[in-house]
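What follows is a single structure, written as structure tokens, with notes after it.
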Amino acid sequence: MNPADAERARNRALISHLAHRDDLLLLPVPVPAGAQAPLIHPLTVLLLAQLRQVTAERDAYRDWITQDPAPPDDAQLRTHAAEAAGFIARKDSP
């Protein structure tokens, strides 16, 4: 195996490990070989920040939807029963 292939294999292994260890979004950014690194456009940074915010909100919503509901306590049950009884009494009276 030549050194370039070994380096690529190490990079792939590192990216794979990071992607599986943490819930992390990795975006490859192609850079032309032999050229100076291009300046990063400010819009790119804003879009990446928005992408991170959207994924955080999606995960929070997913956690909220899948959580077990808390059972109502006795006070809430009594209040709902009293409201239902009052509604039935009003509905039945002429």
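The values are calculated or read from the model by the stated rules, or taken from the named source; none is laboratory data. Small disclaimer: the values here were computed from a predicted structure and weren't measured. To get the accessible areas, we keep the full protein, side chains included, count just its heavy atoms, and leave off ligands, DNA and RNA. Shrake-Rupley method; radii C 1.70, N 1.55, O 1.52, S 1.80 Å.
Some notes on this structure:
- Check on Gln36, modelled with pLDDT of 75 or more and polar (S, T, N, Q): no
- Candidates in the range 39-94 are the residues that are polar (S, T, N, Q) and either open to solvent by less than 100 Å² (accessible area, probe 1.4 Å) or part of a helix (DSSP H, G or I) (or both); of these, the one that is modelled with the lowest pLDDT is Ser93.
- Residue match in the range 22-32 (condition: at pLDDT below 80 and among the acidic types (Asp, Glu)): yes
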